[in-house]
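For reference, the structure discussed in these notes is given below.
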Amino acid sequence: MAEPARSRSLLVNSSLALGFAALGALGGWLWESRRIDLDPAAGLGDGQRAAIEQVVQDYLMKHPEILPRAMDELQKRQNSHQLASVRGDVERAAPGAVLGNPNGRIVLVEFTDYACTYCRKSLEDVDALIAANPDLKVVVRELPILTRESADAAKMALAAAEQGKFASFHKAMFASGRPTAENIATAARSAGLDMTRARAVIARPETEAELVRNVELAKALGFTGTPSWVVGDALLTGAVGQEQLAKAVAAARS
């Protein structure tokens, strides 16, 4: 999951950005309503700047309820900007690496690692979302960052996807606990994989390239841990729970 320090840093940065946005918006209002005589060449004088800052402070003290809404809107805009150049790649699944409705209108993307305890705990949340949303397509992006065996499990998952057995392997692998060579093989057999065919897929350069691509996409979105989620314009990190994911899915639908 994301570290608390990183979350605090994001909150501070968002608060600073919100403050500048508020200064700009209320400064414009002050210009129109009070007609401050500003010298375009000189910019704001100390007194004028202090007057604007006082208006902002007074307004926010009287209406603190706008801050959470404004920060939510700011976060949505920042997320939309981050997603703009990579959304298509993020939402495009590796062939077969999908849960739920493969033709679903609403797309939830999960970056996951089979060695991640929080990813394992989130499995039930995803299942519940799929059950409640027949139009939900869950794109699973393998992000094996915790152990060497994570990468082995991720490659076997992609091999399972190539055989149309991704969901079976995905659940069997998480049920097996932290990945080892033995339980990866057990999960593969439980999912009914053709192991000769699976080993051929694992050996392909394209399989390794998919994992590298997922790391690059995670970096582009600012994700540093698993599970991480993309749905609509929402970027979420950690085992956020079924309720928060459901809200994000509903927002994406609307």
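Kindly indicate the residue of the stretch 146-173 that is among the basic types (Lys, Arg) and either in contact with a His (Cβ under 8 Å, 6 or more places away or on another chain) or over 16 Å from residue 119 (Cβ atoms) (or both) and also modelled with the lowest pLDDT among those meeting that condition.
First, the residues of the stretch 146-173 that are among the basic types (Lys, Arg): 148, 155, 165, 171.
With either in contact with a His (Cβ under 8 Å, 6 or more places away or on another chain) or over 16 Å from residue 119 (Cβ atoms) (or both) added as a condition, the list becomes 148, 155, 165.
Numbers: 148: 95, 155: 98, 165: 98.
Filtering the stretch 146-173 for residues that are among the basic types (Lys, Arg) and either in contact with a His (Cβ under 8 Å, 6 or more places away or on another chain) or over 16 Å from residue 119 (Cβ atoms) (or both), the one modelled with the lowest pLDDT comes out as 148.
Tally time: how many residues in the stretch 120-140 are more than 22 Å from residue 251 (Cα to Cα) and buried (at least 23 other Cβ atoms within 10 Å of the Cβ)? Full working, then the answer.
Filtering the stretch 120-140 down to residues more than 22 Å from residue 251 (Cα to Cα) leaves 120-121.
Filter once more, keeping what is buried (at least 23 other Cβ atoms within 10 Å of the Cβ): none.
Number of matching residues: 0.
The rows are residues; the columns are (1) within 13 Å of the chain's Cα centre (by Cα); (2) closer than 23 Å to residue 117 by Cβ.
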position	(1), (2)
209	no, no
220	yes, no
224	yes, yes
228	yes, yes
231	yes, yes
237	yes, yes
240	yes, yes
244	yes, yes
247	no, no
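Quick one: count up the residues across the stretch 66-123 that are among the basic types (Lys, Arg) and at pLDDT 95 or above.
Pass one, the stretch 66-123, residues among the basic types (Lys, Arg): 69, 76-77, 87, 92, 105, 120-121.
From what is left, the residues that are at pLDDT 95 or above are 92, 105, 120-121.
Final tally of qualifying residues: 4.
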- Does residue 193 meet the test of being in contact (Cβ under 8 Å) with a residue 40 or more places away in the chain and of a type outside the set (S, T, N, Q)? no
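The values are calculated or read from the model by the stated rules, or taken from the named source; none is laboratory data. As the structure is a prediction and not an experimental result, all values here were calculated from the model. Cβ: placed from backbone, ideal geometry, glycine included. Neighbour counts: every protein chain shown.
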